[in-house]
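These notes concern the structure reproduced below.
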Amino acid sequence: MVDLQELLDSIHLIKLDLNTPFRGVTSREIALIEGPYGWGEFSPFLEYGAKESSRWLASGIEAAFEEPFPRLLEKVRVNATMPAINDPDQIATLMALYPGVKTVKVKVTEDESADFSRIERVQEAAPGIRIRIDVNGSWSLNQAEERLRSLLKRLDDELEYVEQPCNSLEELRVLKGNCDVPIALDEILRKADEPLALDLRDACDLLVLKVSPLGGIGKCMQIADHFGLPVVVSSALESAVGIARGLRLQSALGNQVFDAGLATGSLFKSDIAYLKIADGEIDVSDVIPRALDEFELEEQRTEWWQNRVRESYQVLA
């Protein structure tokens, strides 16, 4: 593994502002890692501790200091992402940033009426688009059964799947037995101490693979191979550097079953590179950040981030 001091010397700290709040944040602080094989990203959310953050660091180190993975695809199909907003103009403006996409992931809340309204406005802006909903594990089993029945009644075959409706595998097994909506696993997988040790039998239909939270492309490919389930590659609200790693993962996996959640760059006001969406696809390419000075993080945050890198590195060591 790369020496700690070499790693610290390779880091560029930046801050990217969002167009609209997402996951409760309005900006992202990011440590970009420049290495012999290109650029990596270390951007765990600020509340994450050293253990969880260490996987993000492993992913960034892999990108910058390890040989690249094979490229089997040159383009990757992507989906739109809709935050928990309900202003019709905001929704229409955001959907226009995803030209040609056939699928949208819609964040849902405890407010069922607002969620239905959000979905309807998305459909008005993009008629015929397929809907996948993201619950982030916030529903009880009873809630999930009731809400999914209502969604299925309204959307029928336009409802592609539900992402992490409940917060435990036990609940998901019961739900899967009582519901016809495919279930995607996210938080349970990426927050597990040992993802490969999970017993996913009868609990889900597909896996969400996020490069940074799972520790890199290599780890994601191990997970995909181990469980043998269909996967959807997605982002963790990274910069274009992190998104490029997701594109690389999908390319290395080859056959793409589900549209990838890798168009979240549209949620930023500006980014350190431009990944163009054309006909619902993004090219697989190496990203070289631009104008880093324009996005430089405030100097008073430098020590905090350096300590965070040190603490996460110690977990890996």
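Determine if segment 87-96 includes at least one residue that is crowded, with 17+ Cβ neighbours inside 10 Å and closer than 29 Å to Leu13 by Cβ. Scanning segment 87-96 turns up at least one residue that is crowded, with 17+ Cβ neighbours inside 10 Å and closer than 29 Å to Leu13 by Cβ. Can you tell me which residue within segment 277-317, out of those that are touching a strand residue (DSSP E or B) at 6+ places or on another chain (Cβ under 9 Å), among the small types (Gly, Ala, Ser) and over 18 Å from Ser10 (Cβ atoms), is surrounded by the fewest Cβ atoms within 10 Å (Cβ to Cβ)? Residue satisfying both the conditions and the ranking: Ala278.
In the set Val78, Val135, which member is within 22 Å of Ser234 (Cβ to Cβ) and touching a residue at least 60 places away in the same chain (Cβ under 8 Å)? None of the other options fit; the residue is Val78. If you go through segment 4-19 and keep only what is exposed (fewer than 15 other Cβ atoms within 10 Å of the Cβ) and over 15 Å from Gln306 (Cβ atoms), you end up with Lys15, Asp17. Being among the small types (Gly, Ala, Ser), under 23 Å from Asp293 (Cβ atoms) and touching a Lys or Arg at 6+ places or on another chain (Cβ under 8 Å) is the requirement here; does Gly40 meet it? Criteria met by Gly40.
Out of Gly228, Gly216, one residue alone is on the phi > 0 side of the Ramachandran plot and either basic (Lys, Arg) or open to solvent by 10 Å² or more (accessible area, probe 1.4 Å) (or both). It is Gly228. Restricting the first residue to segment 34-49 and requiring it to be in a loop (DSSP other than H, G, I, E, B), which pairs with a second residue that is open to solvent by 30 Å² or more (accessible area, probe 1.4 Å) and not acidic (Asp, Glu) meet a Cβ separation below 7 Å and a spacing of at least six or different chains? From residues that are in a loop (DSSP other than H, G, I, E, B), the pairs are Pro36/Phe65; Tyr37/Phe65; Tyr37/Pro68. For segment 60-100, the tally of residues that are in contact with a strand residue (DSSP E or B) (Cβ under 6 Å, 6 or more places away or on another chain), under 22 Å from Gln256 (Cβ atoms) and in a loop (DSSP other than H, G, I, E, B) stands at 2.
Looking across Thr81, Thr93, Thr20, Thr103, one residue alone is among the β-branched types (Val, Ile, Thr) and modelled with pLDDT under 95. It is Thr20.
Flag set for Phe42, criterion: aromatic (Phe, Trp, Tyr) and closer than 19 Å to Arg301 by Cα. Asn255 fulfils the conditions (1) open to solvent by 50 Å² or more (accessible area, probe 1.4 Å); (2) touching a residue at least 24 places away in the same chain (Cβ under 8 Å); (3) within 20 Å of the chain's Cα centre (by Cα) except for a single criterion, (2).
Among the residues in segment 195-211, are any over 16 Å from Ser59 (Cα atoms), open to solvent by 10 Å² or more (accessible area, probe 1.4 Å) and part of a helix (DSSP H, G or I)? Yes, segment 195-211 contains at least one residue that is over 16 Å from Ser59 (Cα atoms), open to solvent by 10 Å² or more (accessible area, probe 1.4 Å) and part of a helix (DSSP H, G or I).
The values are calculated or read from the model by the stated rules, or taken from the named source; none is laboratory data. Because the structure is predicted, anything quoted here is derived from the model rather than measured. Cβ sites come from the backbone with ideal geometry, for glycine too, and all protein chains shown count toward neighbours. Remember, those area values only see protein heavy atoms, side chains included, never the ligands or the DNA or RNA. Shrake-Rupley method; radii C 1.70, N 1.55, O 1.52, S 1.80 Å.
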